[in-house]
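Below you'll find the structure, written out as structure tokens, and then a few comments.
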Ligand code: ADP
């Protein structure tokens, strides 16, 4: 069972598949090349024997003379070269008259079988018909076998006697055994070479595929070592600047992002438990004290009121957290609509007038007559409310808070500034973090203290609108939040807004 699974794991592996496709390609290539070479070799050998027979035919005409039905070979019998040539010409040789009656023949030709008179007569007729005066006319090629099965190529045609009157049938041949042997030998060599080459190719392919996949395995092993507790591990690149290095780099970047969000989650859950523990401990303390020490109804009432305040704070935190997590996980989609931002700011400034008065803070808004933009009204109101409530909260009596609105080319700019206590430079980078409160901004978290979530919301709302937020602050002098948001498609008929602030003393 295990063996079978191992086998399946190997056959499904990339290395196996790479090698298999390589071997298949190699086999098809080898067989194709072998077939082509064999066909080419066969044609070359065939052409060669045809050429030999053509030359021998021409030579016959030089040596053979026929006078009045009497064929004679003319050559110098004392010349060994000429004798040899004529002997060769007559090795596979037949001469008949036009009726097919044999006049001269070699024993080899007899072994192959003398052509039938009917066939000879027909050939002679065809050849004469196709011959111009004095030429040989059509030639006939055939392949024949002797009693032992040895193949011969035969070239037949006609020659005329010296008076150019009567045609005679001549056939000469040459053994093809040599050619057949060469082809057979070639086939056998190739049949031996193909499997050997294939096995060698397979081994080589397996080795190369293994080498190519080695770094992939290294990456996989390194990736396996990375877990939630050691997300700081990185896979070293090979400095080869290749696809694999790119993969490693992408992988490392992914781990980096994972590490960041892991860190954020850890921080967040720590913060949450800390924030929740404080009011819970307070409630418990108050109730315990009431239980053991309170005697009058008023004392009980006091304990319950203060416990209720802490419970309010608890539910405030939970609500805010829920909203923030919905926002950050993308479940809180923006509902953009065309609105007049001037009107929104105007209304909010009006709402904040009473708390500002109570704190002895002068609050004013500077808005153009109209400021159209495509934004999510609820979120924009929440954003300005958070900024305004901070500004009022952190500005001492006699100070001033101002909201300014400007319409730029395709942007709107909202500035909330105060003459409050400001934020020291070293704390500025953290003020948008969840639960962050500038140290020394109050004693231990109490019911009147902020949750440290307001600016996290502001940051999310700005980001969701693809805008930017900047803070300028000098301790003791004041703080300025500058937000720029894309105005969106404000539609036709909107007149171009020129920055024309109207002092709205509210
Ligand atoms: P909180 O609910 O505590 O106000 P925020 O996220 O809104 O939380 O703000 C984070 C911290 O930034 C605040 O605790 C405060 O110390 C500081 N802060 C925010 N706005 C101002 C401001 N206008 N002036 C001075 N400090 C501010």
Checklist line | Given (1) assigned to a helix (DSSP H, G or I); (2) under 45 Å from the mean Cα position of the chain (by Cα); (3) closer than 17 Å to residue 488 by Cα, index of the condition residue 325 fails | finding: (3)
Check: Looking at the range 332-377, which of the residues that are in a helix (DSSP H, G or I) and within 16 Å of the ligand (Cβ to nearest atom) is surrounded by the fewest Cβ atoms within 10 Å (Cβ to Cβ)?
Finding: 355
Next item on the list: Pairs only if they're at least six apart or on different chains, beta carbon under 7 angstrom, first in the range 169-194 and more than 30 Å from residue 105 (Cβ to Cβ), second surrounded by 12 or more Cβ atoms within 10 Å (Cβ to Cβ); list them, first residue then second.
Entry: 186/38; 186/41; 187/38; 190/34; 194/30; 194/31; 194/34
Next item on the list: Evaluate the range 421-428: report whether one residue or more is within 16 Å of the ligand (Cβ to nearest atom), surrounded by 18 or more Cβ atoms within 10 Å (Cβ to Cβ) and closer than 27 Å to residue 309 by Cβ.
Entry: yes
Next item on the list: List every residue pair whose Cβ atoms sit under 7 Å apart, with the two residues 6 or more apart in sequence or on different chains, where the first one lies in the range 220-240 and is outside the structural domain of residue 265 (by TED's automatic domain parsing) and the second, anywhere, is surrounded by fewer than 10 Cβ atoms within 10 Å (Cβ to Cβ).
Entry: 233/225
Next item on the list: Could you figure out which of (1) surrounded by 10 or more Cβ atoms within 10 Å (Cβ to Cβ); (2) closer than 30 Å to residue 259 by Cβ isn't true of residue 228?
Entry: (1)
Next item on the list: Considering only the range 65-106, give the strands (runs of 3 or more DSSP E) lying wholly within it that have at least 1 residues that are in contact (Cβ under 8 Å) with a residue 60 or more places away in the chain and touching a helix residue (DSSP H, G or I) at 6+ places or on another chain (Cβ under 6 Å).
Entry: 93-97
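Being touching a helix residue (DSSP H, G or I) at 6+ places or on another chain (Cβ under 7 Å) and touching a residue at least 40 places away in the same chain (Cβ under 8 Å) is the filter; apply it to the range 378-387 and report the residue that is surrounded by the fewest Cβ atoms within 10 Å (Cβ to Cβ).
382
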Item checked: Among (1) within 13 Å of the ligand (Cβ to nearest atom); (2) within 28 Å of residue 269 (Cα to Cα); (3) at pLDDT below 95 - the single one residue 384 does not satisfy -> (3)
Note to self: I'd like to verify a number: residues in the range 465-485 that are touching a helix residue (DSSP H, G or I) at 6+ places or on another chain (Cβ under 9 Å) and in a loop (DSSP other than H, G, I, E, B), how many?
What the structure shows: 3
Notebook entry, point to check: residue 404 fails exactly one of the following numbered conditions: (1) touching a residue at least 40 places away in the same chain (Cβ under 8 Å); (2) within 13 Å of the ligand (Cβ to nearest atom); (3) surrounded by 17 or more Cβ atoms within 10 Å (Cβ to Cβ). What is the number of that condition?
Noted result: (2)
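Here is a check on your reading of the model: is residue 120 in contact with a strand residue (DSSP E or B) (Cβ under 9 Å, 6 or more places away or on another chain) and in a strand (DSSP E or B)? Spell out the reasoning first.
Numbers: in contact with a strand residue (DSSP E or B) (Cβ under 9 Å, 6 or more places away or on another chain): yes; in a strand (DSSP E or B): no.
No: the conditions fail for residue 120.
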Notebook entry, point to check: Residues in the range 382-390: is at least one outside any helix (DSSP H, G or I) and more than 19 Å from residue 423 (Cβ to Cβ)?
Noted result: no
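The values are calculated or read from the model by the stated rules, or taken from the named source; none is laboratory data. Keep in mind that this is a model prediction, so the values were computed, not measured. In this analysis, Cβ positions are derived from the backbone assuming ideal geometry, glycine residues included, and neighbour counts consider all displayed protein chains.
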